[in-house]
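Structure first, then comments.
The values are calculated or read from the model by the stated rules, or taken from the named source; none is laboratory data. A quick note: this is a predicted structure, and the numbers were derived from the prediction, not measured. Quick reminder, even Gly has a Cβ in these numbers, built from the backbone with ideal geometry, and neighbours come from all protein chains shown. Protein only, heavy atoms only, side chains kept; ligands, DNA and RNA dropped before computing areas. Shrake-Rupley method; radii C 1.70, N 1.55, O 1.52, S 1.80 Å.
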Amino acid sequence: MSGWALGAGAAVAIELSTGAGSVAARCAGRSATRRLASSRAHAADLLPELGATLAELGATPRDLRAVVVGVGPGSYTGLRVAAATALGLARASGAALRGVASFEALARAELRPGERGATLLDARGGEAYLAVYERGAAELGALLAPRVLRAAEVAAQLDGVNVLLADAAALRATGLDTARFARCSEAPPNALEVLELGLEQLAASGPHQAHEIEPLYLRAFAVTQRKN
């Protein structure tokens, strides 16, 4: 155990790995969360929505003791905005900082004991982000760490998976037959799930250093060489 505890302070979380971005806060045993209007407005709306979410709980940025951020995989722009905002908040407030995998937070919230679930997100360009988790009696284990695959390769990775957590775009891209799964959900990762996992990890392992907050981009950038 790290010895870290939230105590009487406040904690916030940012999750922008998909277009359905959200923020969450916790203070004095109460939680609140808000969806952001659209991915186009994430950068402009983020700090006002965080402030409003804290205010809903009777707290202010001065009360911050923890900042948690979902590090993806997902939207390149969204992950950059989320990470930069989390780093700035932690530096300004002195709050503990923790980055968590967005897919892990989603699987932790959605999977029941004994279930094996795949988290699937459209990565565009004929590719998809995929991870596979199994929920034991108390622990969540990663059977396949988050990675990017060609859409046609996804089905071969789902043997034994009985729960599918996927967005509609990923289902269209991969052509998966949802009837093969006992349960399916299109719910994206959300900030409240990220906050729960982040606070659990802070208590168990302590905070991250700023340089450890790295978005899970998972694929190299394509470089185009200029012709003379």
Practice task
Identify the single condition in (1) open to solvent by 10 Å² or more (accessible area, probe 1.4 Å); (2) of a type outside the set (S, T, Y); (3) within 24 Å of L171 (Cα to Cα); (4) in contact with a helix residue (DSSP H, G or I) (Cβ under 9 Å, 6 or more places away or on another chain) that L120 does not satisfy, given that it satisfies every other one.
Solution key: (1)
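Scan segment 166-181 for residues that are more than 19 Å from L140 (Cα to Cα) and hydrophobic (A, V, I, L, M, F, W, C) and jot them down.
Of everything in segment 166-181, those that are more than 19 Å from L140 (Cα to Cα) and hydrophobic (A, V, I, L, M, F, W, C) turn out to be A168, A169, A170, L171, A173, L176, A179, F181.
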Practice task
Determine, yes or no, whether A44 is surrounded by 24 or more Cβ atoms within 10 Å (Cβ to Cβ), outside any loop (DSSP other than H, G, I, E, B), of a type outside the set (F, W, Y) and more than 13 Å from the chain's Cα centre (by Cα).
Solution key: no
Handout entry: Evaluation of A20 against (1) assigned to a strand (DSSP E or B); (2) open to solvent by less than 60 Å² (accessible area, probe 1.4 Å) (one fails), failing number
Key = (1)
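So which of A142, A138 is closer than 21 Å to E200 by Cα, among the aliphatic types (A, V, I, L, M), surrounded by fewer than 20 Cβ atoms within 10 Å (Cβ to Cβ) and at pLDDT below 95? Can you show your working first?
Details: A142 fails: at pLDDT below 95.
Selected residue: A138, the only one of A142, A138 that is closer than 21 Å to E200 by Cα, among the aliphatic types (A, V, I, L, M), surrounded by fewer than 20 Cβ atoms within 10 Å (Cβ to Cβ) and at pLDDT below 95.
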Problem - Positions within segment 139-187 being more than 12 Å from T119 (Cβ to Cβ), under 18 Å from the mean Cα position of the chain (by Cα) and part of a strand (DSSP E or B), in sequence order - result: G141, V148
Handout entry: Failed item, numbered, when A55 is tested on (1) modelled with pLDDT of 95 or more; (2) under 23 Å from R80 (Cβ atoms); (3) open to solvent by 10 Å² or more (accessible area, probe 1.4 Å); (4) of a type in the set (G, A, S)
Key = (2)
Problem - Test for A5: is it surrounded by fewer than 15 Cβ atoms within 10 Å (Cβ to Cβ), of a type in the set (A, V, I, L, M) and in contact (Cβ under 8 Å) with a residue 60 or more places away in the chain - result: yes
Handout entry: Qualifying residue in segment 190-198 (condition: in a strand (DSSP E or B), acidic (D, E) and either touching a residue at least 12 places away in the same chain (Cβ under 8 Å) or crowded, with 21+ Cβ neighbours inside 10 Å (or both))
Key = no
